[in-house]
1. Over what distance in Å are the Cα centres of the range 160-181 and the range 1-27 separated?
2. Tell me which of Ala296, Phe203, Leu223 sits at the most positive position along the dipole axis of the chain, charges placed on C-beta atoms (Lys, Arg +1; Asp, Glu -1).
3. Considering the options Leu283, Leu73, Thr2, tell which one lies farthest towards the positive end of the dipole of the chain, charges being +1 on Lys and Arg and -1 on Asp and Glu at the Cβ, about the Cα centre.
4. Among all helices in the chain defined by DSSP H, which have a length of 27 Å or more along the axis from Cα atoms plus a Kyte-Doolittle mean of at least 0.0?
5. Mean-square fluctuation check for the chain, GNM, Cα pairs under 10 Å: which of Thr188, Thr265, Thr146 is largest?
6. Rounded to two decimals, what is the ratio between the C-alpha radius of gyration of the range 1-154 and 2.2 N^0.38 Å?
7. Could you give the size of the charge dipole of the chain about its Cα centre, using +1 on the Cβ of each K and R and -1 on the Cβ of each D and E, expressed in debye and rounded to the nearest 20?
8. Along each of the three principal axes of the Cα atoms of the chain, give the extent in whole Å, ordering the values from largest to smallest.
Amino acid sequence: MTGRIIGTGSYSPELVWDNNKLAEMVETSDEWIRERTGIARRHIEKEKSASEMAVEAAKKAMESCKEIKAEDLGAIIVCSIAQEEVLPSVSCQVQAAIGATNAFCFDLKAACSGFVFAYNTCIAYMNMGLIKNALIVGVEKLSSITDWTDRSSCILFGDGAGAAVITACEEEGAMMMRCEGSRGEVLTCPAGSTLIMNGQEVFKFAVRSVPEAILEVMSQKMLAKEDVDYYILHQANKRIVESVAKRLGEPMEKFPMNIDEYGNTSSASIPLLVDELYRSGKLPQGSRLIMAGFGAGLSWGASYVTV
Ligand code: ACO
């Protein structure tokens, strides 16, 4: 069994900080940031809480979904590393806001792998026959845990939320998830502090692990390159995406990106990108995608999804 996307939504803060704004805050330049990361600007949330952002994205996803109503959702999973409240969970707040009275809800923390891990979790429940439909939301207020005096990391991050409604479909699925907890020091955020990152180590880890993850999913499902319409990668760095494309021997057109507009929004980046593609008509029915996430933990994973 695999998942089919039947609705998407997103929320992006109105406030935009371009690279020149960051150059006023730390010693950097628009040219350096664009060249090394592909990022031109990021959206910053100053008013809404993470749960309010998640609700906005979730409402839009449900509005776009013509096949089911909120009461038909069996599960809501929200993934996030940057949310204010400890309790109640963001997913329960989303449930209340959209009236998904029959869904069980929980939050999942797997950093930039969050959306893929949440999707894979839903597919497992679908395979067990526990649920038929699920809503997955990725929401991040990374600006609240970014050290805005550290030029090696603050140039990367942004805020946003993305959501997708998934329904079970009989087609055979494929997925993988891995973690390497012994390398957790590569990307940390102590309680009450800010993100501390060894950028070069993250880069090396990503360009090695993501192609392996994608190839594992393709081999599980015996997919040839021409069977995959798009590879939807976590938007961390344009150069990481380019390197993965090169290693897979696939053209860049199959690796859509929006990192220039949003920067790295961790678990929100994949659903933000999927929503953009879905709404612009680039994902007609029957499209076949492989999503891949990677990040703190270390953690990484990939999965097959259809539209
Ligand atoms: N502006 C100008 N110069 C800078 C900046 C900046 N913002 N940041 C670093 N530099 C300088 C460094 O000091 C260094 O100078 P030196 O040569 O005089 O010592 C030089 O630029 C090169 O620095 P590197 O760290 O080698 O730069 P690199 O090419 O590796 O790019 C970057 C850094 C963009 C962080 C890159 O390593 C990267 O993107 N890594 C992946 C990070 C990532 O994806 N993290 C998030 C994943 S997990 C998650 O999503 C939560």
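1. A separation of 21 Å, based on Cα centres.
2. Leu223
3. Of the candidates, Thr2 comes out farthest on the positive side.
4. 199-220
5. Result: Thr188 has the largest fluctuation of those listed.
6. So the range 1-154 has a normalised radius of gyration of 1.18.
7. Result for the chain is approximately 460 debye, rounded to the nearest 20.
8. For the chain, the Cα extents along the three principal axes come out at 53, 43, 39 Å.
Readers should treat all values here as calculations from the given coordinates under stated rules, not as data from a laboratory. Just so it is clear, the model here is predicted, and its values are computed rather than measured. Using ideal geometry, Cβ is built from the backbone for each residue, glycine included, and neighbour counts are taken over all protein chains shown.
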